[in-house]
Amino acid sequence: MGVEIVRRLAELRGIVADWRGQGFRVGVVPTMGALHEGHLSLVRAALVKTDRVIVTLFVNPKQFNSAADLAAYPRTENDDAAKLAPLGAHVLYVPDGDQMYPPGFATTVSVEGVSEGLCGARRPGHFDGVSTVVTKLLLQTGGDFAFFGEKDFQQLHVVRRLVTDLDIPIEIVGCPTIREADGVAMSSRNVHLSAAERAIAPALAKALFEASDRIAKGASVPDEIETARSRILAAGYETVEYLELRGEDDLKPMPVLDRPGRLLAAAVLGSTRLIDNVPVSVGRR
Ligand code: PAF
């Protein structure tokens, strides 16, 4: 049996109310579609932890910085539904545009602190768009648990913050980044890479993992960041937008490794912007 596709909020609410009547715990996996193994790992985690799983698919115009980027974003609803069916996800919620942003819509959810710097500095308004749509999706689905990938590590922090601050009764579950065999973090944007760019792409993850290892063993944070940046550029990336060590738990800048950290980077390859991050552990000298 295929996954049930729902496009109207009233119908979704009816289904969830029925599940609640039967005592089911509900898991939510928010996506913008173009599903890959990373998304499917979130769905599997949701199926383990909950009784009923809603995957949401909405390409959110409010979180794109350019109309061209929005237009180029892959849209593959039929393929996405086909990938979800064998896993046993219960509902694919593909809200019609007016279910998310009806005429007159005038509210923005804006998270301070963790949304600043990194992607927040490079993509003005991006996290307001993410925060607004995620708030709506969590309230619309009324789930008990929502699953987000660590690949978008800053986004995960932003979502945790808004859920806490707005008292949304849902638990956020962060799930590990899924990588290709050569280390490239899975992303819907990888389809935009040419064959030549795809061959260069692993340099980003490789530089991050090597820097993480050396920092954990006591090497200087600024030196390792500089080395990693040079290696990424030498491999063929056009620019490194940022490469920073931040606190794992608070996302604050960390000039020295004095607690668990995350190395986070964004780099541009051809016309594709890729982001990645790796943990940096303490006490491995
Ligand atoms: O990570 C994504 O795919 C999106 O930012 C999300 C969380 C589905 C909100 O549109």
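For the stretch 15-74, the candidate set comprises residues that are away from the ligand (no atom under 15 Å from the Cβ) and of a type in the set (S, T, N, Q); within that set, the residue that is farthest from GLY270 (Cα to Cα) is GLN22. Just to be sure, is VAL134 surrounded by 22 or more Cβ atoms within 10 Å (Cβ to Cβ), among the hydrophobic types (A, V, I, L, M, F, W, C) and either within 13 Å of the ligand (Cβ to nearest atom) or farther than 17 Å from TYR242 by Cβ (or both)? In short, yes.
Among residues of the stretch 138-154 that are farther than 16 Å from TYR93 by Cβ, those with a beta-carbon under 9 Å from a residue that is assigned to a loop (DSSP other than H, G, I, E, B) and within 11 Å of the ligand (Cβ to nearest atom) at least six positions away or on a different chain give the pairs LYS151/SER187.
Checked against the criterion of being buried (at least 19 other Cβ atoms within 10 Å of the Cβ), over 27 Å from SER187 (Cβ atoms) and at pLDDT 95 or above, the candidates LEU12, LEU40 yield just one match: LEU12.
Scanning the stretch 76-107 for residues that are surrounded by fewer than 14 Cβ atoms within 10 Å (Cβ to Cβ), touching a residue at least 40 places away in the same chain (Cβ under 8 Å) and assigned to a loop (DSSP other than H, G, I, E, B) yields GLY88, ASP96. Restricting LEU137, LEU204, LEU208, LEU162 to those that are closer than 16 Å to VAL29 by Cβ, modelled with pLDDT of 95 or more and not in a strand (DSSP E or B) reduces the list to LEU137.
The values are calculated or read from the model by the stated rules, or taken from the named source; none is laboratory data. Quantities reported herein were computed from a predicted structural model and do not represent experimental measurements. We place every Cβ from the backbone using ideal geometry, glycine too, and count neighbours over all the protein chains shown.
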